[in-house]
Amino acid sequence: MKKHPPPISIVRARDLRKNATAAELRMQRLLKENFAEARFRFQVPLRHHIVDFASHRLRVVVEIDGGQHNPEVDARRTANIESEGYKVIRFWNNDVLENGDGCMVRLGQLLGRASPPSKLR
């Protein structure tokens with residue numbers, strides 16, 4: 001049976017989409033350019049969390065972390081998301097902004113690609 005997020009999560013996700021950070025906007029563009037077939041969605045309610053990017057097709061979640069993130073809280077959040085059958089990969093804001101291509105290589109490795117996305121070759 002499909003688990004639906006609480007209605008407030010949908011409202012909160014819409015608000016987060018309207019107020020995206022520079023790192024989130026850059027990652028959105030990078031994902032679209034390099035992993036279009038994955039169909040990543042932005043600010044997605046997943047159980048009682050809102051994840052930055054999710055590909056339901058590949059069962060992958062991409063999280064963009066800023067300075068406010070707490071490793072202990074993030075570990076619990078990651079465990080909850082992974083219990084739903086998703087792989088989680090995290091990138092720091094500055095990595096996305098300064099080394100987007102490197103982030104795409106790491107994501108490609110997680111997805112089992114033998115080489116970086118075609119744009120980076």
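The values are calculated or read from the model by the stated rules, or taken from the named source; none is laboratory data. For clarity, every value in this text was computed on a predicted model and none was experimentally measured. Neighbour counts are summed over all protein chains in view; Cβ atoms, including those assigned to glycine, are modelled from backbone coordinates with ideal geometry.
Sub-9 Å Cβ pairs linking a first residue in region 9-30 that is within 19 Å of ILE89 (Cβ to Cβ) to a second residue that is aliphatic (A, V, I, L, M) and modelled with pLDDT under 75, at least 6 apart or interchain, are GLU24/LEU16, ordered by first then second residue. For region 45-121, the helices (runs of 4 or more DSSP H) that sit wholly inside it and include 1 or more residues that are closer than 18 Å to ALA22 by Cα and modelled with pLDDT of 85 or more are 93-98, 100-110.
Does PRO6 satisfy the condition of being modelled with pLDDT under 80 and closer than 22 Å to VAL73 by Cβ? In short, yes.
Among the residues of region 22-45, the one identified as over 12 Å from the mean Cα position of the chain (by Cα) and more than 18 Å from ARG106 (Cα to Cα) is ALA22. Restricting attention to region 64-74, the residues that are under 15 Å from the mean Cα position of the chain (by Cα) and loosely packed, with under 12 Cβ neighbours inside 10 Å total 1.
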